[in-house]
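Throughout, read-outs are computed from the coordinates displayed, never taken from laboratory work. Note that the structure is predicted; figures quoted are calculated from it, not measured. A quick note on method: Cβ atoms are made from the backbone with ideal geometry, for glycine too, and the neighbour counts reach across all protein chains shown.
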Amino acid sequence: MSASTLPLLIRAMHLPTIAREYDQAIARAEAENWGYQRFLSYLFEAEANDRLQRKIERNLKDANLPAGKSLDSLDQQKLPDKVRRQLPSLLEAAFVRRGDNLLCFGLAGRGKSHFVTALAREWICRHQLQVLFIPAFRLVTQLLVAKRDLKLPQAITRLQRFDAVIIDDIGYVQQSPEEMEVLFHFLAERYEKKTVVITSNLVFSQWDQIFKNPMTTMAAIDRLVHHATILEFTGESIRANAAKKRQS
């Protein structure tokens, strides 16, 4: 095999970073008198780092996270004490790997969505987890369409690839029996397998407004809380206070 053939083989083996860095790495290795091990380590570390970055970028795109909501933009001093204390352990994402749940309750404007979005972004970037952020009404709509097309099992299977699914604003979904059925089916399929993160303006005692049927309500709550961290977002509305500051 001639030296000119090697770059072609590298590309054929789908090693784009090594192919890009190869000539420069050869020149540097000769100039700095690298050994074979250092030369190969340089190339494969570059390939591995680029693959990791591409994976993170893909996962961020697939996550559909709201723009502008990150850990840097999260004002942690405005979080309730219990929530602030839990933040470091939640960032480590051990509970996501176990398939446990995270349930966030509070009135509108208390920072629930910003908080879980910031967590999700860190889970993707730090731990390379796959996360999906989806409003409750959109999830229900997608599942109803899949059921209509006789593809509900396939739709739920596709969602199972995500380590965590964040269902935002579940309290705003005033469901018909059919909507209730597909959402419950989704929650039941993820039970003790994959993580569900929920934000809701309704506490559990009000969830009969969502599921309508008392038995289904209790069954859904039972599955969610069995392995779950529950956080309450109290205090004044962050959005309302921000609007007052802008006006003043």
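Quick rundown of the values:
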{"quantity": "Cα centroid of segment 125-153 to Cα centroid of segment 159-208, whole Å", "calculated": "10 Å"}
{"quantity": "Leading residue at positive end of dipole, the chain (Cβ point charges), from N201, L60, L9", "calculated": "N201"}
{"quantity": "Inter-label distance for K61 and R11, nm, one decimal - labels placed 7 Å from Cα along Cα-to-Cβ", "calculated": "2.2 nm"}
{"quantity": "Mean separation of Cα contacts under 8 Å (6+ apart) over length of segment 1-149, as relative contact order %", "calculated": "26 percent"}
{"quantity": "Residues of type lysines that K82 reaches as a straight line, Cα spacing below 27 Å, ignoring anything fewer than 8 places off in the same chain", "calculated": "K69, K112, K193, K194, K244, K245"}
{"quantity": "Mean separation of Cα contacts under 8 Å, 6 or more apart, over the residue count of segment 62-177: relative contact order %", "calculated": "32 percent"}
{"quantity": "Dipole magnitude (debye, nearest 20) for segment 67-247, charges at Cβ of Lys, Arg, Asp, Glu", "calculated": "500 debye"}
